[in-house]
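The values are calculated or read from the model by the stated rules, or taken from the named source; none is laboratory data. As the structure is a computational prediction, the values presented were derived from the model and not from experiment. With ideal geometry, Cβ positions are generated from the backbone for all residues, glycine too; neighbour counts draw on all protein chains shown. For the accessible areas, the whole protein counts, side chains as well, though only heavy atoms, and no ligand, DNA or RNA atoms are used. Shrake-Rupley method; radii C 1.70, N 1.55, O 1.52, S 1.80 Å.
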Amino acid sequence: MVWDAEQIDDLTETVVRRLLVEGGTARALAVEIAAQLAAQNATLPALAVALPFSLAAGGIEEMLGGGPQACAAARDAWRIAALIGGDALALHATLRCPATVSDLCAHWASGDTVFSA
């Protein structure tokens with residue numbers, strides 16, 4: 001299974017909707033998206049989880065500008081994308097190979113201080 005542009009667009013739209021309309025947190029949504037991607041294709045790179053957050057943050061900033069709600073949502077999305085990247089890099093160093101979404105989910109489930117439930 002290849003991760004296609006339509007799925008990326010759908011996840012990006014989900015991030016925007018959940019952060020702006022529903023007032024959710026990017027942290028909780030990242031865990032949900034990672035689990036969803038791992039169930040669909042466990043071998044996707046761990047950084048795939050960060051992509052919809054980066055795209056959403058950029059889109060929010062570009063389209064909605066500097067309103068307080070938009071700024072807060074974009075900051076939350078950028079922050080989570082960076083934390084996902086940090087976890088992916090740490091896993092890469094530990095595993096000595098690129099981390100997958102499945103690796104990321106297992107790491108988070110093992111008691112990660114940011115993403116564990």
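Annotation: of all residues in segment 1-49 being charged (D, E, K, R) and touching a helix residue (DSSP H, G or I) at 6+ places or on another chain (Cβ under 7 Å), the one that is farthest from THR94 (Cα to Cα) is ARG18.
Of note, LEU83 does not satisfy the criterion of being of a type in the set (A, V, I, L, M) and more than 15 Å from ALA34 (Cα to Cα). Contact map, segment 31-52: residues that are within 15 Å of VAL15 (Cβ to Cβ) paired with residues that are in a strand (DSSP E or B) and among the acidic types (Asp, Glu), Cβ distance under 7 Å, separation 6+ or inter-chain. No pairs are found. If the condition is being open to solvent by 50 Å² or more (accessible area, probe 1.4 Å), aliphatic (A, V, I, L, M) and part of a helix (DSSP H, G or I), then segment 91-117 contributes ALA93, LEU95, ALA106, ALA109. Of everything in segment 65-80 that is small (Gly, Ala, Ser) and touching a residue at least 40 places away in the same chain (Cβ under 8 Å), the residue that is nearest to GLY24 (Cα to Cα) is ALA73.
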